[in-house]
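Beneath this line is the structure, given in structure tokens, with notes to follow.
The values are calculated or read from the model by the stated rules, or taken from the named source; none is laboratory data. All values reported here derive from a predicted model rather than from experimental measurement. Heads up, the Cβs are rebuilt from the backbone with ideal geometry, glycines too, and the neighbour counts pull from every protein chain shown.
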Amino acid sequence: MRLDKFLVEMGFGSRTEVKRLLKKKQVLVNGKIETSAKIQIDENQDEISVNNQVLIYKRFVYYLLNKPKGVISATEDDKHRTVLDLLDENARQKEVFPVGWLDIDTHGLLLLTNNGTLAHAMLSPKKHAAKVYRAKVDGIITEKDVEHFEAGIELKDFTCRPAKLTILEVNEEPQTSLVEITISEGKFHQVKRMVQACGKTVTDLERFSMGPLMLDERLELGTFRRLTKEELE
Ligand code: URA
């Protein structure tokens, strides 16, 4: 790949910033100063260093985003901001994409990566990666609803796998509930439709976890971080 693309991917800023770095003679390719942004390097064979630090190329990157409401889980869109707009230049260069989908009005944990195999595995119905949501509901959720979830709710187009519904709060006045819902599928509007099937409406939906990944409480809405080594493992 081109040297400037490599340096952008490695987090040294935009192409213009990388050009500046090269002009300042801070980049060595196989031990020799390189000032041209255009030269082709082999990211797996050549030794590239910046200020005497050798760079190890990582093909795959993983981002944990606390998605806010109002942005869509896509890589580009004509009308709305996308989750990619919230990440950094490096993520865009690496062509990351969201693993699965959160509705525009859902907030919380979203994993983004450029590792298609991992994304596929996490979304595969066979792997049953559990997703935990917290939902504010208009209406009183009852034990009967808990049983309904456990039995597998029948929607118009498919029958859901048994799911866990935990009642966290019920407020008789003003007739609202707070619940936690664990599902292992990811059909369109699934949580909202399951609650709707019980005759109530989700008014706020947040995803807390996906497989082994948990929403990091220190991660403000709209911010992201890379996965830790432990999370990656
Ligand atoms: N279920 C929904 O209804 N919406 C989401 O965004 C995720 C799960």
Among Lys58, Lys69, Lys32, Lys25, which is within 30 Å of Ala129 (Cβ to Cβ) and free of Cβ contacts under 8 Å to residues at least 12 places away in the same chain?
Lys58
Among the residues that make up segment 122-144, is at least one of them in contact with an Asp or Glu (Cβ under 6 Å, 6 or more places away or on another chain), more than 16 Å from the ligand (Cβ to nearest atom), part of a loop (DSSP other than H, G, I, E, B) and not β-branched (Val, Ile, Thr)?
no
Within the set of pairs 6+ apart or on separate chains, which have a first residue in segment 90-119 that is more than 18 Å from Lys131 (Cβ to Cβ), a second that is in a strand (DSSP E or B) and at pLDDT 90 or above, and C-beta atoms under 8 Å apart?
Ala91/Tyr63; Ala91/Leu112; Val96/Tyr63; Val96/Leu112; Val96/Thr113; Asn114/Phe97; Asn115/Tyr62
Within segment 178-187, identify whether any single residue is in contact with a Cys (Cβ under 7 Å, 6 or more places away or on another chain), under 30 Å from Lys229 (Cα atoms) and in contact (Cβ under 8 Å) with a residue 60 or more places away in the chain, and answer yes or no.
yes
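Restrict the check to segment 167-174 and report whether at least one residue is assigned to a loop (DSSP other than H, G, I, E, B), surrounded by fewer than 17 Cβ atoms within 10 Å (Cβ to Cβ), without any contact (Cβ under 8 Å) to a residue 24 or more places away in the chain and of a type in the set (Asp, Glu). Spell out the reasoning first.
Taking segment 167-174 first, the residues assigned to a loop (DSSP other than H, G, I, E, B) are 172-174.
Pick out the ones that are also surrounded by fewer than 17 Cβ atoms within 10 Å (Cβ to Cβ) and you get 172-174.
Still in the list and also without any contact (Cβ under 8 Å) to a residue 24 or more places away in the chain: 173-174.
Narrowing the set further to residues that are of a type in the set (Asp, Glu) leaves 173.
Yes, segment 167-174 contains at least one residue that is assigned to a loop (DSSP other than H, G, I, E, B), surrounded by fewer than 17 Cβ atoms within 10 Å (Cβ to Cβ), without any contact (Cβ under 8 Å) to a residue 24 or more places away in the chain and of a type in the set (Asp, Glu).
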Working carefully through the options Leu232, Leu178, find the one that is away from the ligand (no atom under 14 Å from the Cβ) and in contact with an Asp or Glu (Cβ under 8 Å, 6 or more places away or on another chain).
Leu178
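Quick one: which residue in Gly108, Gly100 is within 13 Å of the ligand (Cβ to nearest atom) and surrounded by fewer than 19 Cβ atoms within 10 Å (Cβ to Cβ)?
On the way: Gly108 fails: surrounded by fewer than 19 Cβ atoms within 10 Å (Cβ to Cβ).
None of the others qualify; the one that does is Gly100.
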With respect to the numbered conditions (1) more than 24 Å from the chain's Cα centre (by Cα); (2) surrounded by fewer than 16 Cβ atoms within 10 Å (Cβ to Cβ); (3) within 16 Å of the ligand (Cβ to nearest atom); (4) of a type in the set (A, V, I, L, M), which one is the sole condition not fulfilled by Ala151?
(3)
Taking the condition more than 14 Å from the ligand (Cβ to nearest atom), assigned to a helix (DSSP H, G or I), closer than 30 Å to Tyr63 by Cβ and under 24 Å from the mean Cα position of the chain (by Cα), does Glu220 pass?
no
Every listed condition ((1) touching a residue at least 60 places away in the same chain (Cβ under 8 Å); (2) more than 14 Å from the chain's Cα centre (by Cα)) holds for Asp42 save (1)
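Could you pull out the residue among Gly70, Gly116 that is more than 15 Å from the ligand (Cβ to nearest atom) and exposed (fewer than 15 other Cβ atoms within 10 Å of the Cβ)? Let's see the steps before the verdict.
Details: Gly70 fails: more than 15 Å from the ligand (Cβ to nearest atom).
Result of the check over Gly70, Gly116: Gly116.
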